[in-house]
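Some notes on the structure that comes next.
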There are 2 protein chains.
Amino acid sequence: MTKKSDIRITLTEDEVPKKYYNMAADLKGLQPVLHPGTKEPIKEEDLLPVFTKSIVKQEMSKERYIDIPDEVREKLILLNRPSPLQRAVNLEKYLKTPAKIYFKREDMSPVGSHKGNSAVAQAYYCRKDGIETITTETGAGQWGTALALASSMFDLDCTVFMVRVSFDQKPFRRTIMQTYGAKVHASPSIVTQYGKKVLKEHPNTSGSLGIAISEAIEMAVSSKNVRYTLGSLANSVVLHQTVIGQEVMAQLKKADIEPDYMVACVGGGSNFAGFAFPLMREKILGKTDCEFVAAEPMAAASLTEGEYRYDFGDTAGMTPLFKMYTLGSEFIPSAIHAGGLRYHGMSPLVSEAYDQGLMSARAYDQTETFEAGVLFAKTEGIIPAPESTHAIKAAIDIALEAKAKNEEKTIVFNLSGNGLLDLAGYEKFISGSLSSSRMK
Amino acid sequence: MTKKSDIRITLTEDEVPKKYYNMAADLKGLQPVLHPGTKEPIKEEDLLPVFTKSIVKQEMSKERYIDIPDEVREKLILLNRPSPLQRAVNLEKYLKTPAKIYFKREDMSPVGSHKGNSAVAQAYYCRKDGIETITTETGAGQWGTALALASSMFDLDCTVFMVRVSFDQKPFRRTIMQTYGAKVHASPSIVTQYGKKVLKEHPNTSGSLGIAISEAIEMAVSSKNVRYTLGSLANSVVLHQTVIGQEVMAQLKKADIEPDYMVACVGGGSNFAGFAFPLMREKILGKTDCEFVAAEPMAAASLTEGEYRYDFGDTAGMTPLFKMYTLGSEFIPSAIHAGGLRYHGMSPLVSEAYDQGLMSARAYDQTETFEAGVLFAKTEGIIPAPESTHAIKAAIDIALEAKAKNEEKTIVFNLSGNGLLDLAGYEKFISGSLSSSRMK
């Protein structure tokens, strides 16, 4: 029913993908995850105390397609899937570019971002495996919010360790999680041994993501019916996010569009990968020349400035070792507003795709990304998440390059979330007090 | 393409209504608006210094259908129209009711509520009539946000007078308006004579909606190219909001649903009227027995506790006199979180429909509406605006009445907005510190 003149290309509920696409089946040369102690490839049983068994299976899987359970598809629909692919007509007009710009609307989820796609899957598998409580950490709060709702949907208890500074500065994120029924602890907390130890040594600490991860994992490994969940980085999370890219492909086909560029922001990598991998498979197969562009913050430019080597996923060195682009597990990115991109490493799948030249990366300062975000808000009406403004900035740059060459390129980017709960950055940008954020 | 099993009943962009429905054509016995000085029926020329001429014409019109300009329809699409009608399956299950509950998703607008529907119309008509700047007041901020975006869309300057206490307590609403390019003044301000006068007499005042209205009107009447805009109450605003109810009727028809109840919250009345009037016409014509239920706050229960008489629209007595249900123009509702419902009067069209028995009303305390809001968030995933929780509470009550009688009733309510920028009320509810809000 979509016409060429429509602003939005929509799909029906029946067109929510029925399978996840697993890039590990097509990307050759992936290196195994290593046990931090033995440095040997990690085994399923090493991960079972932390993650639920269905997720461990997915983490190790090389199957190309994995069925999405009906119960998960029903919840994806409640997250407003399938989400529209929308044309940014007013942004195009403003830029006076011959390029066509489309964006995928992950901002329409009731939790405000793409994070719900993996949250409902992980909650479902935990419930199915007999787990009663799930734990996680959250910094900016997008992932914690998504997991809180997913837990409510599958009648699980949910405990979120929220970095103390965010707990205090972002009370509304906490309120949303509590409204969905989650327990939220400021981390370090007194509910774990590790939290108590940190508090004893540093009573006034504002916390860190590393500490919060340690608390969440401690709670999981201490009990048979509790498991930990992760919001990005892992192969299984990337897998769940491929519903985005599969919908995009169906939408492009429906409207007879061949993209020249697919653009998304990268932090841990699951947003970019979920959006890009289904079409990147076609590139591996030689069926498309589309360029895939990852937009990262200069403050944590793991692809453009990092090294490709084995490293820990966390700061304390408790996780397995991943072969990935990394700035070093001890690297602390400056406090940019795009909290979801403040990560030293990169999904092993995205890292390998980048290393093989299947994609490129561009790094941006937060002042230029907020400028792009404000322009997008004024032209298209939607205030984007600080993370998503990186993709918008890259899309605008590519559209202006097309203008300079007078080329009718087609650019598709992923609007990974809205910025309604991250307005402090916009406030600073508007008042002229937003600082630059390059790495030292 | 909608199937009976779908969660959402959707429409295509082509199905965004092409005409506004004007209830003034079908509702007999409406009393004229009176000039505050002469007490004679007001004339077009009395209103022209305040409102742009196209809006004044609509305000006086008795035409049943008024064309929606293509330029406005294009912008309504950017506000995510047509919006889905969604079934609240999980809420039904939780309530164990035989009733079916549907809700209209005005929460999906990028400005978070239904307010954009009238904002884009008023901005368009101002631009068409050669106006360059539009002004308004805002309390909670929903209307100011919508008008700021609409002004950006039609390249108008926009000045919003925001009640000082909200300006200080809700900095993020202010940030959104500024992101869309609006000028926002804390009211009372130093940019109007009236503002300066108030500040001189009460330097530490926290402001009021009445003062902010006076400042916005003063700015409009002082210049040829500036006009004032209104977010509810007026016939023209009700007219613009009927895109909601017309879409609902198309969606009900598509899915072959006959509603027994249509439920919406009421403050000034435009949300309820826009949702209900297109179908209420069928009731006037004897084609439906559907019951129309307005849900109002006990703190400002104009329908259930007010008198039907002529009264001013504002506190200072500067507006024309409207025949309406009113608690008295000097009545100050208690500071409930549903700021959009804190109004002493009621749209003359809604008032007359209520007086004629075409609809009923129920009043609720804010503690019970927040309880309904949290239940809705946990079951359907969406955190509703505090205003909308009144409609949810009424829908739940009706669904439980149907359960008690074992009747398969169909209830449709309007989810007028989301609560992502009004989380302070939820925070208080969750922590147990939310106060009751009955009128003294």
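List of remarks:
- Normalised by residue count, the protein assembly as shown yields a Cα convex hull volume of 158 Å³ per residue.
- Each of A:His35, A:His344, A:His240 was scored by other Cβ atoms within 10 Å of its Cβ. Listed from fewest to most, they are A:His35, A:His344, A:His240.
- Per-residue mean of C-beta atoms belonging to partner chains within 10 Å, peptide A:84-91: 1
- Taking every residue in B:419-431 and counting other chain Cβ atoms within 10 Å of its Cβ, the average works out to 4.
- Across peptide A:73-81, the average count of Cβ atoms from other chains found within 10 Å of a residue's Cβ is 3.
- Annotation: amide H of A:Ser329 within the under-5 Å range of A:Phe312, sequence separation 5 or more or interchain, hydrogens built in the peptide plane.
- Label-to-label distance, B:Tyr94 versus A:Tyr65, with points set 7 angstrom from Cα along the beta-carbon direction: 3.6 nm.
- Between the beta carbons of A:Ile284 and A:Thr205, assuming R0 = 51 Å, the FRET efficiency works out to 0.65 to the nearest 0.05.
- The calculated FRET efficiency for A:Glu132 paired with A:Thr38, based on their beta-carbon distance and R0 = 30 Å, is about 0.45.
- Label-to-label distances for B:Asp70 across copies, nearest first, come out at 4.6 nm, using points 7 Å from Cα in the beta-carbon direction.
- Working note: Debye formula, equal point scatterers on the alpha-carbon atoms of the stretch B:1-85, no solvent; log10 I(q)/I(0) at q = 0.16, 0.22, 0.24 Å⁻¹ is -0.82, -1.09, -1.17.
- Kirkwood hydrodynamic radius of the stretch B:49-195, from inverse mean 1/r over distinct Cα pairs, in Å: 17.0 Å
- Rounded if a/c under 1.5, otherwise prolate or oblate - the stretch B:297-440, Cα gyration tensor axes: oblate
- With both labels modelled 7 Å from their Cα along Cα-to-Cβ, the B:Asp168 to B:Ala316 distance reads 2.1 nm.
- Rounded if a/c under 1.5, otherwise prolate or oblate - the stretch A:183-307, Cα gyration tensor axes: prolate
- Semi-axis lengths, Å, the stretch B:102-175, gyration tensor of Cα atoms, sqrt of 5 times eigenvalues: 20, 18, 8
- Inter-copy separations for B:Lys96, label at 7 Å along Cα-Cβ, nm, ascending: 6.8
- Just checking the listed ones, A:Val293, A:Val111, A:Val33: in the Gaussian network model of chain A with Cα springs under 10 Å, the one fluctuating most is A:Val33.
- Residue and distance (whole Å) for the chain B Cβ nearest the axis that superposes B on A: B:Leu420, 3
- The Cα center of the stretch B:391-428 and the Cα center of the stretch B:257-313 differ in position by 16 Å.
- Pairs of Cα atoms nearer than 8 Å and 6+ residues apart set the relative contact order; for the stretch B:213-278 it is 36 percent.
- Pairwise alpha-carbon distances in chain A exceed 42 Å for 8% of all pairs.
- Cα gyration tensor shape for the stretch B:363-402, rounded if a/c is under 1.5, else prolate or oblate: oblate
- Ranked list, fewest to most other Cβ atoms within 10 Å of each Cβ, for B:Lys53, A:Lys393: B:Lys53, A:Lys393
- Shown in residue order for the stretch B:119-130 are the 3J(HN,Hα) couplings computed by the Karplus curve 6.51 cos²θ - 1.76 cosθ + 1.60 at θ = phi - 60°: 4, 5, 5, 5, 5, 4, 5, 5, 4, 5, 7, x Hz (x for Gly and Pro).
- Theoretical FRET efficiency, 1/(1+(r/R0)^6), r = Cβ-Cβ of A:Glu401 and A:Lys253, R0 35 Å, to 0.05: 0.85
- Loop-resident GluC sites (Glu not before Pro) (DSSP state other than H, G, I, E or B) in the stretch B:316-372 with no more than 14 further Cβ atoms inside 10 Å of their Cβ: B:Glu330.
- Compactness of the stretch A:360-440, expressed as Rg and Dmax over alpha-carbon positions, Å: 13.2, 38
- Cα-only Debye scattering, the stretch A:93-136: base-10 log of I(q)/I(0) at q = 0.25, 0.28, 0.29, 0.33 Å⁻¹: -0.90, -0.96, -0.98, -1.10
- Local electrostatic count, A:Gly210, Cβ distance below 14 Å [Lys/Arg +1, Asp/Glu -1]: -3
- Sorted shortest first, the separations between the B:Ala255 label point and its copies elsewhere in the assembly read 2.6 nm; each point sits 7 Å from Cα along the Cα-to-Cβ line.
- Each residue of the stretch B:137-146 was assigned a 3J(HN,Hα) from its phi angle through the Karplus expression (A = 6.51, B = -1.76, C = 1.60, θ = phi - 60°), giving 10, 8, x, 4, x, 4, 5, x, 4, 5 Hz with x at Gly and Pro.
- For the stretch A:14-27, putting each phi into the Karplus relation 6.51 cos²θ - 1.76 cosθ + 1.60 with θ = phi - 60° gives couplings of 5, 8, 4, x, 9, 9, 7, 9, 10, 4, 4, 6, 10, 8 Hz, in residue order, rounded to whole numbers and with x for Gly and Pro.
- Evaluated at q = 0.15, 0.16, 0.18, 0.27 Å⁻¹, a Debye calculation over the C-alpha positions of the stretch B:176-252 (equal weights, vacuum) places log10 I(q)/I(0) at -0.70, -0.75, -0.86, -1.22.
- Residues in the stretch A:87-129 reached by a label modelled at A:Leu48 [backbone nitrogen below 19 Å; 7 Å Cα→Cβ]: A:125-129
- Between A:Glu15 and B:Ser223, the simple label model (points 7 Å from Cα in the Cβ direction) yields a spacing of 4.6 nm.
- Quarter the surface of the alpha carbon convex hull of the stretch B:250-344 and you get the mean projected area, 7.4 square nanometres.
- Largest GNM mean-square fluctuation among A:Ala99, A:Ala264, A:Ala121, using chain A with Cα springs under 10 Å: A:Ala99.
- Of B:Met324, A:Met177, the sequence from fewest to most neighbouring Cβ atoms within 10 angstrom is A:Met177, B:Met324.
- Theoretical ellipticity at 222 nm over the protein assembly as shown - DSSP helices of four or more residues, -39500 (n - 2.57) apiece, nearest 500: -12000 deg cm²/dmol
- For A:Thr319, the residues whose amide H sits under 5 Å from its own are A:Gly313, A:Asp314, ignoring neighbours fewer than 5 places away on the same chain, with H placed 1.01 Å from N.
No lab work stands behind these numbers, since they all come straight from the coordinates. Predicted model only: the values in this text are computed from it and were never measured. A quick note on method: Cβ atoms are made from the backbone with ideal geometry, for glycine too, and the neighbour counts reach across all protein chains shown.
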